[in-house]
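Here's the structure, in structure tokens; my notes come after.
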Amino acid sequence: MTVLCLDVGSTWTKGALVSSSGDLLGTAQRPTSPPEVLDGVTAVTGALGGADEVLACSSAGGGLRLAVVGQERLVSAEAGYRVALSAGAKVVHVSAGPLDGAGVRALRAAAPDLVLLVGGTDGGDRTVLLHNAAKLARVACPIVLAGNVEARSAALDLLAARTVVATDNVLPDVGELAPGPARRAIREVFLRHVIGGKGLSRGTAFRDLVQAVTPDAVLRGVSRLAAQDREGAVLVVDVGGATTDVYSAVSTVDEGVERTVALPPDRRTVEGDLGMRWSAPGIVAEAVAEKLVDKAEAVALHQEAAHRAANVTWLSDDPTVDLRLAALAAVLATRRHLRLVDGRLGPQGAGRLVLSGGVFRHAPDVAEVERTLRADPFLRPVLKSATITVDHDYVLAPAGLLTDTGRTEAADRLLSAHLG
């Protein structure tokens, strides 16, 4: 039996044909083809000769844009933010406290596909949650309600005119983060309501095909990889054209660390100002701010980044500049990720760092990128024992899709063969 794992992105549709035992039988990619993305899916399927079963994830149409509305900035709003990132969403707006008119206007201006409404521990204060539910009744997008369970019924009454999925509290008690139910609810809303509303396909076939947001599938692949690696945490840095995503997962969780909001063992952050094309100027600006480049290099890179931002489909014959920009993006994004998780990836740091994204997959050599990462004083303690590899065959998302359907042995074999 063969399984075709598809990732339908905004630019490329990628496919990996995998045997039931986890052997990679072939890969293919074709341009994503809006307004009918199934044309690109058909092209990839044909290139690989078909399959007995098809699994798919997608970030087409910009992926999942999510806003978080919480009660306190450092507690419930922060918990919602972390859950949203780990669920594969791009967080476009975060608010804390009672929404007023200006807050509602700012929320609408962010144009989210979905709002995650949180607030209060179970049995705690319900005033702010119910106030915000009343305000969100005027915002025309689906809502995941994941706050104080004792306020759920009253909040659902206030939101009766909206599409709402209610689930368990992301913060059931002080310091206790419970991301699982909200993650599942976010996925449900994405599949049922968001995919169909992006104008990516004329019928329901594509919506029925997609099982997950791509970053969510990748995160589960990263978690499987960490489960195999008992020598430390796994870091994955995925440098794309518009964003740089960083994933981390650990095989065990250090319970001795006290935090305002406890961290789950698998995490993801998204840096929307760091990318190889649309966001290339942001890499240079941030590299200057963090003193990673001198003035002469900054001037040269600024010109190169501006050209890439103005010509997002341009392909360079010389990978040198792209690899330098990618190395800087990787350093900057990983620094931010580690700051968010308090710099902790378990007692041993990272045992493995995986570089993902076309800039790395198509590069003849990433030795200079590796030297840049290892030489960074902020990253050096975390990466001192890390093995650095490239996801040349793009197996993390397929491994996540296989895991989703209970094929963990196949996922583990796929990961071991290509990243082990």
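The values are calculated or read from the model by the stated rules, or taken from the named source; none is laboratory data. A quick note: this is a predicted structure, and the numbers were derived from the prediction, not measured. Because the Cβ atoms are built from the backbone with ideal geometry, glycine has one as well, and the counts that use them run over all protein chains shown. With ligands, DNA and RNA removed, areas are computed over all heavy atoms of the protein, side chains included. Shrake-Rupley method; radii C 1.70, N 1.55, O 1.52, S 1.80 Å.
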Output the number of residues of region 175-208 satisfying the condition of being in a loop (DSSP other than H, G, I, E, B), farther than 14 Å from CYS141 by Cα, open to solvent by less than 60 Å² (accessible area, probe 1.4 Å) and not small (Gly, Ala, Ser). 3
Qualifying position, being in contact with a helix residue (DSSP H, G or I) (Cβ under 9 Å, 6 or more places away or on another chain), buried (at least 21 other Cβ atoms within 10 Å of the Cβ) and either without any contact (Cβ under 8 Å) to a residue 24 or more places away in the chain or not basic (Lys, Arg) (or both), among GLY400, GLY420: GLY400
Looking at the structure I just gave you, is GLN29 of a type in the set (S, T, N, Q) and buried (at least 24 other Cβ atoms within 10 Å of the Cβ)? no
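This table checks each residue for (1) at pLDDT below 95; (2) more than 17 Å from the chain's Cα centre (by Cα); (3) among the aliphatic types (A, V, I, L, M).
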residue	(1), (2), (3)
PRO31	yes, yes, no
LEU64	yes, no, yes
SER76	yes, yes, no
VAL83	yes, no, yes
SER86	yes, no, no
From the list ALA109, ALA140, ALA134, exactly one residue is over 25 Å from GLY196 (Cα atoms), among the hydrophobic types (A, V, I, L, M, F, W, C) and free of Cβ contacts under 8 Å to residues at least 60 places away in the same chain. Which is it? ALA134
Search result, residues across region 32-60 that are open to solvent by less than 40 Å² (accessible area, probe 1.4 Å), in contact with a Gly (Cβ under 8 Å, 6 or more places away or on another chain), within 22 Å of LYS90 (Cβ to Cβ) and in a loop (DSSP other than H, G, I, E, B): THR32, SER59
Grab the helices (runs of 4 or more DSSP H) fully contained in region 81-172, keeping just those with 3 or more residues being closer than 19 Å to ALA185 by Cβ. 127-136, 152-158
Considering ALA411, ALA330, ALA309, ALA363, which residue is modelled with pLDDT under 95 and part of a helix (DSSP H, G or I)? ALA309
For region 383-403, name all the residues that are farther than 24 Å from GLY88 by Cα and either among the charged types (D, E, K, R) or modelled with pLDDT under 90 (or both). LYS384, SER385
Hey, VAL213 open to solvent by less than 10 Å² (accessible area, probe 1.4 Å), among the aliphatic types (A, V, I, L, M) and within 28 Å of GLY357 (Cβ to Cβ) or not: yes
So which residues in region 376-396 are within 17 Å of GLY349 (Cα to Cα), open to solvent by 60 Å² or more (accessible area, probe 1.4 Å) and not charged (D, E, K, R), if there are any at all? PRO377, PHE378, PRO381, SER385, THR387
Which members of region 310-347 meet the condition of being open to solvent by 10 Å² or more (accessible area, probe 1.4 Å) and closer than 30 Å to GLY80 by Cβ? ARG335, ARG336, ARG339, LEU340, ASP342, GLY343, ARG344, GLY346, PRO347
Do the conditions hold for ALA287, that is, is it surrounded by fewer than 17 Cβ atoms within 10 Å (Cβ to Cβ), modelled with pLDDT of 95 or more, out of contact with any His (no Cβ under 8 Å at 6 or more places or on another chain) and not basic (Lys, Arg)? no
Tally, over region 62-84, of residues that are surrounded by 24 or more Cβ atoms within 10 Å (Cβ to Cβ), of a type in the set (A, V, I, L, M) and either without any contact (Cβ under 8 Å) to a residue 40 or more places away in the chain or under 18 Å from GLY147 (Cα atoms) (or both): 7
When region 195-242 is checked residue by residue, the ones that are closer than 22 Å to LEU66 by Cβ and polar (S, T, N, Q) are SER201, GLN211, THR214, SER223
